[in-house]
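Comments concern the structure below.
The values are calculated or read from the model by the stated rules, or taken from the named source; none is laboratory data. Please read these numbers as outputs of a predicted model, since none were measured by experiment. Every residue, glycine among them, receives a Cβ derived from its backbone with ideal geometry; neighbour counts consider all protein chains shown. Accessible surface areas use protein heavy atoms only, side chains included; no ligands, DNA or RNA. Shrake-Rupley method; radii C 1.70, N 1.55, O 1.52, S 1.80 Å.
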Amino acid sequence: NAGVTQTPKFQVLKTGQSMTLQCAQDMNHEYMSWYRQDPGMGLRLIHYSVGAGITDQGEVPNGYNVSRSTTEDFPLRLLSAAPSQTSVYFCASSPRLAATGELFFGEGSRLTVL
Amino acid sequence: AQSVTQLDSQVPVFEEAPVELRCNYSSSVSVYLFWYVQYPNQGLQLLLKYLSGSTLVKGINGFEAEFNKSQTSFHLRKPSVHISDTAEYFCAVSDLLQGAQKLVFGQGTRLTINP
């Protein structure tokens, strides 16, 4: 069972470079989201999507773009990377009408911006 | 809006000792409450949740938590820890209107088990 798959697992960028973090899930979940994890700050929601074609901002959306063209994929784009975006990024998914409240997480992508 | 405060950033305990990880939340509406665990170099996975009903919730790996509405707390407990419980633990809250769509996480508590 693949679950939520994130690529790449590690990435080093220079300030100003762009890149895309990929996220794919094979559970037919309608809801997908991106979090960043920083020491002492827990996880903070960047963007989320409740279905294909629908996205919305979370707590810390600045500097990030998302799109949701299919149910399976939810890429996160950094258009011009900054050192403040050095973090571990997690993609998560859940069924849309989840009364369970359970998010299924990928293994994370560690990004360093120099 | 909701917020979550985990009162301890690090908790060291000896193997087979009991442990309590503290979590307080703030919300103006009724909430769902969760504990997630993150093992080294892995993503988060659900440990237990409170949605409604009994305030004592049992989860995986022998953990349990008690919802206390008057104290706005959801502390996590285990009567006897094992080396394999070494991980970071996150408390999270979501209001009933948002469901799982917007989980607000606490800062995390790193649990270290010493032999």
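List of remarks:
- A:Leu21 meets the conditions (1) part of a strand (DSSP E or B); (2) in contact with a Pro (Cβ under 9 Å, 6 or more places away or on another chain); (3) within 11 Å of another protein chain (Cβ to nearest Cβ) in every case but one. The failed one is (3).
- Test: residue in the range A:61-79 that is in contact with a strand residue (DSSP E or B) (Cβ under 6 Å, 6 or more places away or on another chain) and touching a residue at least 60 places away in the same chain (Cβ under 8 Å): yes
- Whichever residue in the range A:43-64 is surrounded by fewer than 21 Cβ atoms within 10 Å (Cβ to Cβ) and under 13 Å from A:Ser87 (Cβ atoms) and, among such residues, is farthest from the other protein chains (Cβ to nearest Cβ): A:Gly63
- Selection within the range A:92-114 - modelled with pLDDT of 90 or more, more than 7 Å from chain B (Cβ to nearest Cβ) and closer than 13 Å to A:Ser33 by Cβ: A:Ala92, A:Ser93, A:Phe104
- Boolean, A:Ser67 is of a type in the set (Gly, Ala, Ser) and under 12 Å from the mean Cα position of the chain (by Cα): yes
- Lone qualifier among B:Glu66, B:Glu88 - being assigned to a strand (DSSP E or B), touching a Lys or Arg at 6+ places or on another chain (Cβ under 7 Å) and acidic (Asp, Glu): B:Glu88
- Residue match in the range A:65-74 (condition: in a loop (DSSP other than H, G, I, E, B), at pLDDT 95 or above, crowded, with 16+ Cβ neighbours inside 10 Å and within 14 Å of chain B (Cβ to nearest Cβ)): yes
- Some residue of the range B:12-28 being outside any loop (DSSP other than H, G, I, E, B) and among the β-branched types (Val, Ile, Thr): yes
- Contact map, the range A:1-17: residues that are closer than 18 Å to A:Glu107 by Cβ paired with residues that are of a type in the set (D, E, K, R), Cβ distance under 6 Å, separation 6+ or inter-chain. Pairs shown: A:Ala2/A:Asp26; A:Phe10/A:Arg110.
- A count restricted to the range A:24-35 and to residues that are within 11 Å of chain B (Cβ to nearest Cβ) and open to solvent by less than 50 Å² (accessible area, probe 1.4 Å) stands at 5.
- The selection criterion, being within 26 Å of A:Val60 (Cβ to Cβ), among the polar types (S, T, N, Q), open to solvent by less than 60 Å² (accessible area, probe 1.4 Å) and in contact with a strand residue (DSSP E or B) (Cβ under 6 Å, 6 or more places away or on another chain), does not hold for B:Ser73.
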